Amino acid sequence: MRELGIVADGAVLIEEGRIAAVGTRREIERRADARRALKLDIAGRILVPGLVDSHTHLIFPVSRAAEYEQRISGATYEEIARSGGGILSTVRHLRAARAPALERAALAFLQEFAAHGTTTLEAKSGYGLDWPSERRILRLLRELGRQQPVEIVPTFLGAHVIPPEYRPHKTGAEEYIARVCKDMLPAVAREKLAQFCDVFVDRGAFTVDQARRIFAAARALGLVPRLHAEQLSHTGAARLAIEVGAASADHLEQVDTNDIRALAKSGVTCTMLPGCNFHLGLRQYAPARALINAGAIVALATDFNPGTSPTLSLPMTMALACTQMRMTPAEALTACTINAAHSLRLDARIGSIEVGKDADLAVFDLCDYREIPYYFGVNYCWMTVKRGSTVYSRQPATRADSPRPPKTRTRRAPRATEARMTEISDAGYAL
Ligand code: NIG
Ligand code: FE
């Protein structure tokens, strides 16, 4: 994870949205096909793979800022949830939300993701908890994936918590699980609405045994498991992740040394979500250092959601990973690029700057990759490229040596860089 393969004074040749060559600027400029290419000079800034956010709850209608204040005054996340707030409050709002409002909110968030260097994100349902509402979220995710450039990988999280209407009866949980397994999952598979199935395994949500049954149903339909595991209490969910061959076990704050050893031997990606601990004011972060030292596959994600982690910034998440979990800046960058892509089963196509891969790139207005987490809380993303197209660019450029559009009209043809920059703003496809 510490081997970044940095190329000083590097260049990337892009053709038809794919990376055609990578190397030093001299090497690339010598190529015949590069001579015909439009050149964009990023003037000494750093270029990294487009960031991959492998855990988000993108679709929600309103923030929970009031709960944030309650927590600061002493209420815990679980107390708020038990009194009908928390996830259930977002479920109530989502069920009542109008489609255009939901879509507008999501589009605005997606623009911000792109502005922070994210080119691919996983997004979960789970705030509907009845089939019409879950389907609405998943269909909206599909629609958003077609409408705007950030790639969206959908996950079905019907088993987020037991919905309110099933709670009064003793058998309610079992009835809801039957609904998830017998009706919702087959419908998700039929409509191809998700590739992954997530379950929130914790006290106040689902047990290991219940999750095992849900994953068996999901697997039979071709959906790959991923889990919210060992976040608030130690339940055995990490072991379940290994048992069911999950793509990822996320959170893991409560894992013990045996879990760490077992996870390190498994193919399960361990996804750290330090934004939650930060936002909830919890001191016990997941043992990322121990997991990495033991040889586990470690990824980083924002867990963007209104309850526990309302950040969509992977650079900020990297900062938390470095200072709170002692991941090195290189490990943090690996964790939210190729390792996150691996957890989404997309590492053959995205997550690194390699020939043949999609040209998903992020430029930071910095000269050292370690400055990405170092300047925490500030967005230095300068340009984001998805499949070769600029999807975000910061205008005007902020550094003295930045490429600038010509001040006055001259007869000289603008440099390729300038032409490109102008085209971006005129065409209006810079988000
Ligand atoms: O990843 N833990 C469960 N789900 C989310 C929180 C959702 C919410 O509070 O709205 C999480 O932390
Ligand atoms: Fe989550």
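Is it true that some residue in segment 160-180 is more than 23 Å from Ser63 (Cα to Cα), open to solvent by 20 Å² or more (accessible area, probe 1.4 Å) and of a type in the set (Gly, Ala, Ser)? Yes, segment 160-180 contains at least one residue that is more than 23 Å from Ser63 (Cα to Cα), open to solvent by 20 Å² or more (accessible area, probe 1.4 Å) and of a type in the set (Gly, Ala, Ser).
To keep it simple, each residue is scored yes or no on (1) closer than 30 Å to Asp365 by Cα; (2) of a type in the set (S, T, N, Q).
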{"residue": "Ala108", "(1), (2)": "yes, no"}
{"residue": "Ala115", "(1), (2)": "yes, no"}
{"residue": "Thr120", "(1), (2)": "yes, yes"}
{"residue": "Ala123", "(1), (2)": "yes, no"}
{"residue": "Gly126", "(1), (2)": "no, no"}
{"residue": "His160", "(1), (2)": "no, no"}
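Screening Ala220 on (1) closer than 20 Å to Gly158 by Cα; (2) in contact with a strand residue (DSSP E or B) (Cβ under 8 Å, 6 or more places away or on another chain); (3) without any contact (Cβ under 8 Å) to a residue 60 or more places away in the chain shows it passes everything except condition (2). Considering Gln284, Gln231, the condition of being open to solvent by 10 Å² or more (accessible area, probe 1.4 Å), more than 20 Å from Lys182 (Cα to Cα) and within 16 Å of ligand 2 (Cβ to nearest atom) is satisfied by Gln231 alone. Residues in segment 188-228 that are touching a Pro at 6+ places or on another chain (Cβ under 8 Å) and assigned to a loop (DSSP other than H, G, I, E, B) were compared, and the one that is surrounded by the most Cβ atoms within 10 Å (Cβ to Cβ) is Ala194.
Inside segment 314-342, residues that are within 16 Å of ligand 2 (Cβ to nearest atom) and open to solvent by 10 Å² or more (accessible area, probe 1.4 Å) make up a count of 1. Which residue out of Ala106, Ala32 is free of Cβ contacts under 8 Å to residues at least 60 places away in the same chain and open to solvent by 10 Å² or more (accessible area, probe 1.4 Å)? Unique residue meeting the criteria: Ala32. Residues considered: Asp303, Asp256. Of these, the only one that is open to solvent by 10 Å² or more (accessible area, probe 1.4 Å) and over 24 Å from Ala216 (Cα atoms) is Asp256. Evaluation of Arg261 against the conditions (1) more than 16 Å from ligand 1 (Cβ to nearest atom); (2) open to solvent by less than 20 Å² (accessible area, probe 1.4 Å) shows that the sole unmet condition is (2).
Screening segment 331-431 for helices (runs of 4 or more DSSP H) wholly inside it with 2 or more residues that are at pLDDT below 50 returns the ranges 416-427.
The values are calculated or read from the model by the stated rules, or taken from the named source; none is laboratory data. Bear in mind that the values here come from a model prediction, so they are computed numbers and not experimental data. Heads up, the Cβs are rebuilt from the backbone with ideal geometry, glycines too, and the neighbour counts pull from every protein chain shown. Surface areas here come from the heavy atoms of the whole protein model, side chains and all, with no ligands, DNA or RNA. Shrake-Rupley method; radii C 1.70, N 1.55, O 1.52, S 1.80 Å.
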